[in-house]
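Report on the following structure.
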Amino acid sequence: MNHLLTFTGPRTSPPPPMTSRQRFLDACHCLPTDRPPIWMMRQAGRCLPEYRALKQSYSFLELVRTPELACEVTLQPIRRFGFDAAILFSDILVVPEAMGQGYHFRETGGIAMDFALNDADAIRRLEPSAIEDRLDYVSKALALIRPQLGGQTALLGFAGSPWTLANFMLEGGSSKHPSRALELLREAPATFRLLFEKLTLAITRFLDQQIAAGVDAVQIFDSHGGLLPPELFGEGSGRWMREIIAGLQKKVPVIVFSKGTRSWKPLLELGASVISLDPKLHLSEIRRIFPGHVGIQGNLAPELLLHLSPDELRAATRDLLERMRGRPGYLFNLGHGVPPAAPLENIGSVVDTVRRFQ
Ligand code: CP3
């Protein structure tokens, strides 16, 4: 008799469910997963009552610069919603600050840099070489966060793209219609290059620092990419992100979020593992166009969290999931950040729908 048929030991137990971290990393590498991983841009922040409670005692910059507090805020959305990835609580503007151009909040809303970069001398004075020291608090926060996630949840680091940071730095803060970076690109290419070489170096070193501190992946926020006319996207933003990604030498997956970039072709040339899309692009179309080795992240319109009921959100979420069914390398996310006024039960119904998807 075949001895295999007489085996009477315990039935082998089913494989343990995938951890969130493994699901996230496999999706970044375009490997099949049990379901798409989910996290949300701006998941840590004003939408959470526990964040607003901390803001009663500490300013935003205190939360960012104090490792224990940054750790706490990073973990808040994980505890509440069980996202598959935690994103470091920080801000893209810590990089200009560490180069010598600080920032603060305007009383009227928005962000003000302490001064604007008005001439080439101001750009020459920026100092990328002290980045690691000045951003040591980020390494310390990551060292606190990593063990708390216990290998179960992925940890994501991030930075702004050179183009996006340069817009804040040249305008002197948030601006409704930023124009000076584009002007510099068109009218003073040598000065533009001076600034962008410094930013590229600083951002590469900052992301490398986060990788050394244990992040599983990094995201580059090119939130102002859509300000560039398509024919200038490569020169104004793409080539610098490509240089940063090459500099990171594939140590971890890199996600690029380019907001408002209507032509997706240049995004495929950056060397990114995953492209995060804003809500205007149709995932079914992108799925047909993107090669199988590039991951796709996105792209539920954030304002739906404000305007739809939990049931309607379930349907909208399922619609995206169905469009991407069977496509390895899909990460569920919004098309931009969670609106601060998003009701918690709406966020919860999106998360729940993705987690139940089979
Ligand atoms: O995603 C996360 O949860 C992680 C933390 C994170 C923040 N900012 C926290 C934050 C991340 C990844 C960012 C990125 C960021 N910061 C971007 C790129 C992404 C995007 O949204 O386009 C940009 C452009 C910034 C610069 C910045 N920081 C702006 C324009 C503002 C808003 C200013 C305003 O008046 O509301 C911030 C502040 C900020 N960054 C907050 C948070 C939670 C709100 C701070 C508060 O009021 O408590």
field: Three principal axis lengths of the chain [C-alpha, angstrom, descending]
entry: 86, 47, 43
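Quote the FRET efficiency, to the nearest 0.05, computed for Leu232 versus Asp319 with a Förster distance R0 of 35 Å and r equal to the Cβ-Cβ distance.
0.55
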- request: Please work out whether segment 173-292 counts as rounded, prolate or oblate from its C-alpha gyration tensor, where a ≥ b ≥ c are the square roots of the eigenvalues and a/c under 1.5 means rounded, while otherwise a/b larger than b/c means prolate and anything else oblate?
  value: oblate
task: Using Cα pairs closer than 8 Å and at least 6 residues apart in sequence, work out the relative contact order for the chain, in percent.
output: 21
- prompt: Tell me, how many Å apart are the Cα centres for segment 275-303 and for segment 61-91?
  reply: 26
statement: Of the convex hull enclosing the alpha-carbon atoms of segment 64-149, the direction-averaged projected area in nm² is 7.1
field: Extension reserve of the Ile111-Ala188 stretch, reckoned as 0.36 nm per residue once the Cα distance is removed
entry: 25.1 nm
For segment 211-266 versus segment 92-156, the gap between their alpha-carbon centres in whole angstrom: 18
- prompt: How far is it, in nm, from the label point at Lys280 to the one at Ala120 when both lie 7 Å from their Cα along the line to the Cβ?
  reply: 3.5
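I need the calculated FRET efficiency for the pair Ser179 and Ala130, taking r as the beta carbon distance and R₀ as 22 Å, to the nearest 0.05.
0.15
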- prompt: If R0 is 25 Å, what FRET efficiency do you get for Thr66 and Thr19 from their C-beta distance, rounded to 0.05?
  reply: 0.30
query: Given 0.36 nm per residue, what is the gain on full extension from Gln249 to Leu344 after removing their alpha carbon distance, in nm?
result: 30.3 nm
message: For a quick check of understanding: with a 1.4 angstrom probe and all protein chains in place, what accessible area in square angstrom does Thr153 have, to the nearest ten?
response: 20
query: Pick from Trp264, Trp240, Trp163: which is most flexible by mean-square fluctuation in a GNM of the chain where alpha carbon atoms under 10 Å apart are linked?
result: Trp264
task: Would you be so kind as to identify all helices of the chain, as entire DSSP H runs, whose Cα atoms reach 27 Å or more along the helix's own axis and whose mean Kyte-Doolittle hydropathy is at least -1.0?
output: 189-212
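Run the numbers on segment 1-144 and let me know its relative contact order in percent, using alpha-carbon pairs under 8 Å that are six or more apart. Working shown, then result.
Numbers: 130 pairs, mean separation 29.8, N = 144.
Answer for segment 1-144 is 21 percent.
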- prompt: For the chain, with only Lys/Arg (+1) and Asp/Glu (-1) charged at the beta-carbon, what is the dipole magnitude about the Cα centre, in debye rounded to 20?
  reply: 980
- prompt: Residues with amide H under 5 Å of Leu331's amide H, sequence separation 5 or more or different chain, H placed in the peptide plane at 1.01 Å from N; which?
  reply: Ile296, Gln297, Gly298
- line: Bridge orientation stat for segment 20-356 from DSSP, antiparallel percent rounded to 5, came to 15
task: Compute the distance in nm between two label points, each set 7 Å from the Cα along the Cα-to-Cβ direction, one at Leu306 and one at Asp91.
output: 2.1
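The values are calculated or read from the model by the stated rules, or taken from the named source; none is laboratory data. Just so you know, these numbers come straight off a predicted model, no measurement behind them. Cβ sites come from the backbone with ideal geometry, for glycine too, and all protein chains shown count toward neighbours. For the accessible areas, the whole protein counts, side chains as well, though only heavy atoms, and no ligand, DNA or RNA atoms are used. Shrake-Rupley method; radii C 1.70, N 1.55, O 1.52, S 1.80 Å.
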